[in-house]
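Below is one structure, written out as structure tokens; comments come after it.
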Amino acid sequence: MKFISVTKKYGETAALENIDLEFESGKITAVLGESGAGKSTLLNAAAGLIPFEGRVEGAGRTSCVFQTAKLLPNLTLADNIRFVLPKSAGGEAEAALARVGLKGREKSYPHELSGGERQRVAIARAFLYPHDTLLMDEPFSSLDLALKKSLIELVWELWRETGNTVLFVTHDVHEAALLSHRAVVLKKGRVVYDAPVSEPVPRDFFRAQPAEEKLIKVLTD
Ligand code: ADP
């Protein structure tokens, strides 16, 4: 996927300013930056949800995970998943729920689950929806550390199976170091840092005080 001279203005504010970025297929890129830096706008542009100047090429079909699960409250978990499948031959929703540790909960409703369980369903649903690019906007920020750990591991596992391109927005350098091949930092709508994450995969959650000193520096500047 390629961003070519992408600019998005809201009145006088440039949420994105002349962004030229290429995201390698099959890799996970973390997009970081302070609040208001343009991260969500970048994802919205990739998903084609907003008009903007410039072009985004090669995003293909996109699938999204948000900060909260956004499940449909009046549908069971299995139906929430079936809802996004173009034509279900049967069994996929059940298999997907089992995959994220929710076997036997097919007939539960979203309000019967904890926040972390709902986010598991959202992630399973996003991976199952046929897509070329997965866009995740702060998917772990409302979760406690244990859940964060298990969901980061889950995303790696699912990514290994699908090998899709992932853009992952976070404000947390630890999350970025654990779950990306590359980190991009935005500041006031511009790219101020863009480099590979050097730690080999799989990452060790417990010793992941990231080695990316320059990344920490640019984020604390
Ligand atoms: P981030 O996700 O990094 O917090 P955003 O992409 O949400 O940043 O926002 C980037 C800038 O664009 C901010 O200054 C924000 O106030 C502005 N902005 C975003 N969405 C809108 C909107 N719908 N209307 C007006 N301004 C917006």
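Filter region 45-78 down to the residues that are buried (at least 20 other Cβ atoms within 10 Å of the Cβ) and not hydrophobic (A, V, I, L, M, F, W, C), then identify the one that is farthest from the ligand (Cβ to nearest atom).
The residue in question is S63.
Looking only at residues that are surrounded by 18 or more Cβ atoms within 10 Å (Cβ to Cβ), within 18 Å of K27 (Cβ to Cβ) and touching a helix residue (DSSP H, G or I) at 6+ places or on another chain (Cβ under 7 Å) in region 155-174, which one is modelled with the lowest pLDDT? Quick ask: steps written out before the conclusion?
First, pick out the residues of region 155-174 that are surrounded by 18 or more Cβ atoms within 10 Å (Cβ to Cβ): 155, 158-159, 164-170, 173.
Next cut, within 18 Å of K27 (Cβ to Cβ) only: 155, 158-159, 164-170.
Within this subset, residues satisfying the condition of being touching a helix residue (DSSP H, G or I) at 6+ places or on another chain (Cβ under 7 Å) are 155, 158, 166-167, 169-170.
Values: V155: 90, L158: 86, V166: 96, L167: 96, V169: 96, T170: 94.
The residue in question is L158.
When the residues of region 79-100 are narrowed to those that are in a loop (DSSP other than H, G, I, E, B) and surrounded by 14 or more Cβ atoms within 10 Å (Cβ to Cβ), which ends up nearest to the ligand (Cβ to nearest atom)? Lay out the reasoning, then the answer.
To start, the set of residues in region 79-100 that are in a loop (DSSP other than H, G, I, E, B) comprises 83-91, 100.
Retained after the next criterion (residues that are surrounded by 14 or more Cβ atoms within 10 Å (Cβ to Cβ)): 83-85, 88, 100.
Numbers: F83: 27, V84: 24, L85: 30, S88: 34, V100: 26 Å.
Applying the filter and picking the extreme gives V84.
Given the options S180, S141, name the one that is among the polar types (S, T, N, Q), surrounded by 16 or more Cβ atoms within 10 Å (Cβ to Cβ) and not in a helix (DSSP H, G or I).
Details: S141 fails: surrounded by 16 or more Cβ atoms within 10 Å (Cβ to Cβ).
Answer to the selection: S180.
For the subset of region 21-44 comprising residues that are in contact (Cβ under 8 Å) with a residue 40 or more places away in the chain and charged (D, E, K, R), which member is nearest to the ligand (Cβ to nearest atom)?
K39
From the list V201, V166, which one is among the β-branched types (V, I, T), without any contact (Cβ under 8 Å) to a residue 60 or more places away in the chain and not in a helix (DSSP H, G or I)? First the steps, then the outcome.
Values: V166 fails: without any contact (Cβ under 8 Å) to a residue 60 or more places away in the chain.
Residue meeting the stated conditions: V201.
The values are calculated or read from the model by the stated rules, or taken from the named source; none is laboratory data. As the structure is a computational prediction, the values presented were derived from the model and not from experiment. When we count neighbours, we look across all protein chains shown, and the Cβ atoms used for this are built from the backbone with ideal geometry, even at glycine.
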